[in-house]
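Right, one structure below, let's go through it.
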């Protein structure tokens, strides 16, 4: 059973969280994928109505979580050795709290992508192709 996090590799906050999670989450069989770099994967997600622009995606077998649900599920499963991940786990493992706080993460992502000159939505031109 493989747990996979699909994140926006263009966002430095997302990339740091994903890397830390892969290395220090304490979750066996966990992998991360830079969704911004994989247009085929994004296209498959879009067919399911899921856009990377609206948040990270967590997949395990046929189960899929998106946005705040993905971060909450991942946080509940973590047993991190990293202090920052420990703090994030405490903040985001509760789904109602994650739903409330997740827009702040999306705002930080938008700012970081804007500073790098990257579009928030890597799929905006894909929907018409």
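Of note:
- Any chance residue 79 is surrounded by fewer than 16 Cβ atoms within 10 Å (Cβ to Cβ), in contact (Cβ under 8 Å) with a residue 60 or more places away in the chain and over 19 Å from residue 11 (Cα atoms): no
- Meets criteria (in contact with a strand residue (DSSP E or B) (Cβ under 7 Å, 6 or more places away or on another chain) and at pLDDT 95 or above) for residue 56: yes
- Selected residue [in contact with a strand residue (DSSP E or B) (Cβ under 7 Å, 6 or more places away or on another chain) and either surrounded by fewer than 15 Cβ atoms within 10 Å (Cβ to Cβ) or within 21 Å of residue 2 (Cβ to Cβ) (or both)] from 100, 41: 41
- Against the criterion of being surrounded by fewer than 17 Cβ atoms within 10 Å (Cβ to Cβ), within 11 Å of the chain's Cα centre (by Cα) and either in contact (Cβ under 8 Å) with a residue 24 or more places away in the chain or under 16 Å from residue 98 (Cβ atoms) (or both), residue 59 does not qualify.
- Within region 24-45, being free of Cβ contacts under 8 Å to residues at least 12 places away in the same chain and outside any loop (DSSP other than H, G, I, E, B) holds for 40, 44.
- Looking only at region 7-22, residues that are touching a residue at least 40 places away in the same chain (Cβ under 8 Å) and outside any strand (DSSP E or B) come to 9 in all.
The values are calculated or read from the model by the stated rules, or taken from the named source; none is laboratory data. Model, not experiment: these values are computed from the prediction. Note that each Cβ is placed from the backbone with ideal geometry, even for glycine, and that neighbours are counted across all protein chains shown.
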